[in-house]
Amino acid sequence: MSRTSDDPRALRSRAAALAAATDLLVEGGPEKVTHAAVAERAGVGRATVYRHWPDLQSLLLDALAAGVRPLLTVENGPVRDELVRVLQQQADWLNQPASASVIATVIERAERDEGVRRLREEMFGRADQDLGRALAAAVARGELRPGAEEHPQVLVSRILGPLLFQRFMLGTRLDENMVADAVDTALAPWQPGT
């Protein structure tokens with residue numbers, strides 16, 4: 001009987017192997033993600049892991065992709081409230097041990113690996129585009145001064161930079177006050193009347 005991509009057994013073994021690869025990435029970094037280690041952790045045969053991921057690079061990419069979350073996808077509400085809401089969700093993820101391994105691996109490997117570079121773009125690349133749209137709407141509503149919509153990348157770096165530094169360089173667990181402070185500081189130059 002041939003197995004297809006819809007075969008429930010194949011889907012279960014793939015999911016188990018991917019979860020194992022992600023756990024290994026978090027526990028020991030990318031060098032711990034091997035076909036043998038994933039097979040042992042997932043309780044599947046090594047041939048099963050090779051069938052799903054013929055090479056180690058594709059296995060690592062899928063493990064990384066499982067942990068990737070796009071940053072700053074805001075909706076059309078008041079821009080400050082939307083940023084605080086979305087960034088609090090990000091902070092909750094950043095506070096988990098998995099986030100440090102995923103982000104560190106993506107940053108390090110993106111310099112020389114096209115697949116990982118695409119993952120980095122999924123995490124960070126769309127943030128300024130989505131924020132630019134939200135900033136333009138906030139300007140139209142009078143929440144921010146005109147011109148703010150032209151600087152989404154600056155605002156992204158002014159918001160995320162301090163949060164990422166506090167979390168990963170200082171080891172601080174991010175809380176609601178830190179998130180709100182980062183948003184307020186970044187938006188301050190664009191508030192009406194300033």
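The values are calculated or read from the model by the stated rules, or taken from the named source; none is laboratory data. These numbers were taken from a predicted model, which means no experiment stands behind them. A quick note on method: Cβ atoms are made from the backbone with ideal geometry, for glycine too, and the neighbour counts reach across all protein chains shown.
I'd like to check something: does the stretch 65-74 contain any residue that is over 30 Å from Ala17 (Cβ atoms) and in contact (Cβ under 8 Å) with a residue 40 or more places away in the chain?
Within the stretch 65-74, one or more residues are over 30 Å from Ala17 (Cβ atoms) and in contact (Cβ under 8 Å) with a residue 40 or more places away in the chain.
Mind listing just one residue for me: the one in the stretch 30-57 that is more than 14 Å from Ala15 (Cα to Cα) and of a type in the set (S, T, N, Q) and, of those, surrounded by the fewest Cβ atoms within 10 Å (Cβ to Cβ)?
Residue satisfying both the conditions and the ranking: Gln57.
Going residue by residue through the stretch 158-167, is there one that turns out to be β-branched (Val, Ile, Thr), in contact (Cβ under 8 Å) with a residue 12 or more places away in the chain and in contact with a helix residue (DSSP H, G or I) (Cβ under 6 Å, 6 or more places away or on another chain)?
Residues of the stretch 158-167 β-branched (Val, Ile, Thr): 159.
Those left that are additionally in contact (Cβ under 8 Å) with a residue 12 or more places away in the chain: 159.
Checking the rest, the ones that are also in contact with a helix residue (DSSP H, G or I) (Cβ under 6 Å, 6 or more places away or on another chain) come to 159.
Yes, there is a match, as at least one residue in the stretch 158-167 is β-branched (Val, Ile, Thr), in contact (Cβ under 8 Å) with a residue 12 or more places away in the chain and in contact with a helix residue (DSSP H, G or I) (Cβ under 6 Å, 6 or more places away or on another chain).
Is at least one residue of the stretch 66-81 under 18 Å from the mean Cα position of the chain (by Cα), part of a helix (DSSP H, G or I) and buried (at least 17 other Cβ atoms within 10 Å of the Cβ)?
Yes, the stretch 66-81 contains a residue that is under 18 Å from the mean Cα position of the chain (by Cα), part of a helix (DSSP H, G or I) and buried (at least 17 other Cβ atoms within 10 Å of the Cβ).
For Leu60, state whether it is within 27 Å of Leu11 (Cβ to Cβ) and either buried (at least 18 other Cβ atoms within 10 Å of the Cβ) or in contact with a Leu (Cβ under 7 Å, 6 or more places away or on another chain) (or both). Walk me through it before giving the result.
On the way: within 27 Å of Leu11 (Cβ to Cβ): yes; either buried (at least 18 other Cβ atoms within 10 Å of the Cβ) or in contact with a Leu (Cβ under 7 Å, 6 or more places away or on another chain) (or both): yes.
So Leu60 passes the test.
May I ask you to verify whether Leu25 is free of Cβ contacts under 8 Å to residues at least 60 places away in the same chain, in contact with a helix residue (DSSP H, G or I) (Cβ under 8 Å, 6 or more places away or on another chain) and farther than 23 Å from Thr185 by Cβ?
Numbers: free of Cβ contacts under 8 Å to residues at least 60 places away in the same chain: no; in contact with a helix residue (DSSP H, G or I) (Cβ under 8 Å, 6 or more places away or on another chain): yes; farther than 23 Å from Thr185 by Cβ: yes.
No: the conditions fail for Leu25.
Across the stretch 27-40, which residue is farthest from Asp7 (Cα to Cα) among those that are touching a Leu at 6+ places or on another chain (Cβ under 6 Å) and either of a type in the set (Lys, Arg) or at pLDDT 90 or above (or both)?
Across the stretch 27-40, the extreme among qualifying residues is Lys32.
Answer with yes or no whether Val44 is farther than 27 Å from Met169 by Cβ, of a type outside the set (Lys, Arg) and part of a helix (DSSP H, G or I).
Numbers: farther than 27 Å from Met169 by Cβ: yes; of a type outside the set (Lys, Arg): yes; part of a helix (DSSP H, G or I): no.
So Val44 does not fit the description; no.
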